[in-house]
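Visitor: First the structure, which I've put down as structure tokens, then a few questions once you've had a look.
Throughout, read-outs are computed from the coordinates displayed, never taken from laboratory work. Keep in mind the model is a prediction, meaning the values are calculated, not measured. Glycine gets a Cβ as well: all are built from the backbone with ideal geometry, and neighbour counts include every protein chain shown.
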Amino acid sequence: MISDDIDHFELMGLPQSFEIDSEKLEDLYQNLSLEMHPDFYGTSTKEKKILSEKSSVMLNAAYSTLREPVSRARYLMSILTRGVSLKKDDLPEDFLQEMFSLQESLDEMLESCDQSALCKMNEDLLKRSNLIQSNFASLFKKLETSPENTETLQQLQKHLNTERYLRRLLDRINSK
Amino acid sequence: MAYSDKVIDHYKDPRNVGSLDKNEKNTGTGLVGAPECGDVMKLQIQVNPDNNQIVDAKFKTFGCGSAIASSSLATEWVKGKSIDEAMSIKNTEIVEELSLPPVKIHCSVLAEDAIKAAISDYKKRSEG
């Protein structure tokens with residue numbers, strides 16, 4: 001059975017790295033879910049059943065966290081920054097100002113149901129988000145050779161913070 | 001997670017939503033953000049320069065119910081206070097008033113930061 005403190009990478013049997021083989025992740029997930037699925041423990045003891053259910057929950061959490069690049073990056077960051085103190089809100093004031101203005105414009109677009117403006121904003125935000133995500137692989141790679149590099153960690157933190165603000169706007173557009 | 005009645009009250013009926021002209025004399029604007037959730041909060045004050053009393057306050061917050069309630073409450077509390085009194089408002093008082101759960105404490109911190117940012121902006125502008 002799986003121990004509680006195992007991390008998502010270990011659980012899936014993948015190296016602790018940002019770049020992962022997505023096909024391999026899918027395969028591993030399929031195989032492990034079959035192995036752990038509570039349905040296969042129908043005739044087992046109650047204890048075994050509970051363990052199997054718990055393992056399935058952990059497996060699903062690991063899979064959903066690792067398959068998507070941003071959540072994978074956030075998760076890996078949380079491991080890499082254990083015991084490291086980073087500036088959490090390292091964002092320039094004009095960035096916040098811009099995010100605030102974008103939220104206000106979005107208010108107006110949503111109120112007037114301005115579909116073309118909403119589409120345009122959605123597209124722009126996605127472009128920015130993708131641009132940010134394109135930095136992840138190389139920055140995490142750098143950390144593999146020098147894990148104590150606070151500057152790189154700080155850079156990653158900044159990208160992840162920025163992405164969170166963009167994501168909030170995107171979520172608002174797409175929840176309508 | 002369930003919101004407390006007070007949070008719901010402020011969320012449904014937020015006090016002092018809006019904005020003051022930030023170029024107007026005797027105003028101060030604080031804009032703060034919480035990167036862990038992507039919230040952004042603007043809190044503005046208008047001060048009577050003769051006695052340093054806050055005569056008006058407005059806010060606009062893009063965030064969760066707790067962030068909106070925290071900033072709404074913050075504007076209620078600062079109105080009528082001197083800037084020194086307002087400066088001493090602690091996030092823990094907001095937590096207590098709104099019964100915020102531990103995962104939402106950062107919303108109250110954001111509101112406290114916004115008050116302080118607005119006051120320091122006012123001070124900077126009134127000196128300059």
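Visitor: How many nm is it between the label spots at A:LEU126 and A:ASP7, if each spot is 7 Å from the Cα in line with the beta carbon?
Guide: Going by the 7 Å Cα→Cβ label model, 3.2 nm.
Visitor: What is the magnitude of the charge dipole of the protein assembly as shown about its Cα centre, with +1 placed on the Cβ of each Lys and Arg, -1 on the Cβ of each Asp and Glu, and no other charges, expressed in debye to the nearest 20?
Guide: So the dipole magnitude of the protein assembly as shown works out to roughly 160 debye.
Visitor: Over every pair of different alpha-carbon atoms in chain B, take the mean of 1/r and invert it; report that Kirkwood radius in Å.
Guide: For chain B, the Kirkwood estimate is 14.2 Å.
Visitor: Evaluate the relative contact order of chain B (contact order divided by residue number), counting alpha-carbon pairs under 8 angstrom at least 6 apart; express in whole percent.
Guide: Rounded, it is 31 percent for chain B.
Visitor: Here's something else I'd like to know. Using the Cα centre of chain A as origin and beta-carbon charges of +1 (Lys, Arg) and -1 (Asp, Glu), tell me which of A:ALA62, A:SER175, A:CYS119 is placed farthest towards the positive end of the dipole.
Guide: Value: A:ALA62.
Visitor: Let me ask you something else. May I ask for the angle, rounded to the nearest 10°, between helix B:105-127 and the longest principal axis of chain B, with both axes built from Cα atoms and the value confined to 0 to 90°?
Guide: Around 10 degrees separate the two axes.
Visitor: While we're looking at this one, here's another question. Calculated from DSSP H runs of 4 or more alone, at -39500 (n - 2.57) each and per residue, what is the 222 nm mean residue ellipticity of chain A, nearest 500?
Guide: Roughly -24000 deg cm²/dmol at 222 nm, from the helical runs in chain A.
Visitor: Leaving out same-chain residues fewer than 8 places away, which lysines sit with a Cα under 23 Å from that of B:LYS124?
Guide: The reachable lysines, counting only those whose Cα sits under 23 Å from B:LYS124, are B:LYS22, B:LYS25, B:LYS42, B:LYS58, B:LYS60, B:LYS79, B:LYS81, B:LYS90, B:LYS116.
Visitor: Follow-up. Rounded to the nearest 20 Debye, what is the dipole magnitude of the range A:8-67 about its Cα centre when Lys and Arg each give +1 and Asp and Glu each give -1 at the C-beta?
Guide: 360
Visitor: Longest exposed-loop-site-free stretch of chain A, with GluC sites (Glu not before Pro), DSSP loop and at most 15 other Cβ within 10 Å?
Guide: A:20-147
Visitor: Sort all Cα-Cα distances of the protein assembly as shown into consecutive 10 angstrom bins from zero, then give the percent of pairs in each bin up to the one containing the longest distance.
Guide: In order of increasing distance, the bins hold 6, 21, 25, 24, 15, 6, 2, 0, 0 percent.
Visitor: Measure nothing but the geometry: give the 0 to 90° angle between the long axis through the Cα atoms of B:65-78 and the longest principal axis through the Cα atoms of chain B, rounded to 10°.
Guide: 40
Visitor: Moving to a separate point now. When Cβ neighbours within 10 Å are restricted to other protein chains, what is their mean count per residue of peptide A:94-103?
Guide: 4
Visitor: Label points 7 Å out from Cα along the Cβ direction at A:LEU34 and B:ALA2: separation in nm?
Guide: 4.5
Visitor: Say the dipole of chain B comes from +1 at the beta carbon of Lys and Arg and -1 at that of Asp and Glu; which of B:MET41, B:THR75, B:GLY65 then lies farthest toward its positive end?
Guide: B:MET41
Visitor: Along the charge dipole of the range A:8-67, Cβ charges K/R +1 and D/E -1, which of A:GLY13, A:ILE50, A:SER33 sits furthest on the positive end?
Guide: Going by the charge dipole, the pick is A:ILE50.
Visitor: How large are Rg and Dmax for the range A:95-174 when calculated on the C-alpha trace, in angstrom?
Guide: Using the Cα atoms of the range A:95-174, the pair Rg, Dmax is 15.6, 51 Å.
Visitor: Excluding residues on the same chain fewer than 8 positions from A:LYS141, give the lysines whose Cα lies under 18 Å from its Cα.
Guide: Straight-distance partners of A:LYS141: A:LYS158.
Visitor: Can you compute the charge dipole magnitude of chain B about its Cα centre, using +1 on each Lys and Arg Cβ and -1 on each Asp and Glu Cβ, nothing else charged? Give it in debye, rounded to the nearest 20.
Guide: Rounded to the nearest 20 debye, it is 300 debye.
Visitor: A follow-up question, please. Let me know the mean shielding of B:27-37 by other chains, meaning the per-residue number of their Cβ atoms within 10 Å of its Cβ.
Guide: Average neighbour count from other chains, rounded to a whole number: 4.
Visitor: Rounded to the nearest 5, what % of DSSP beta bridges with both residues in the protein assembly as shown are antiparallel?
Guide: So the antiparallel bridges amount to about 95 percent of the total.
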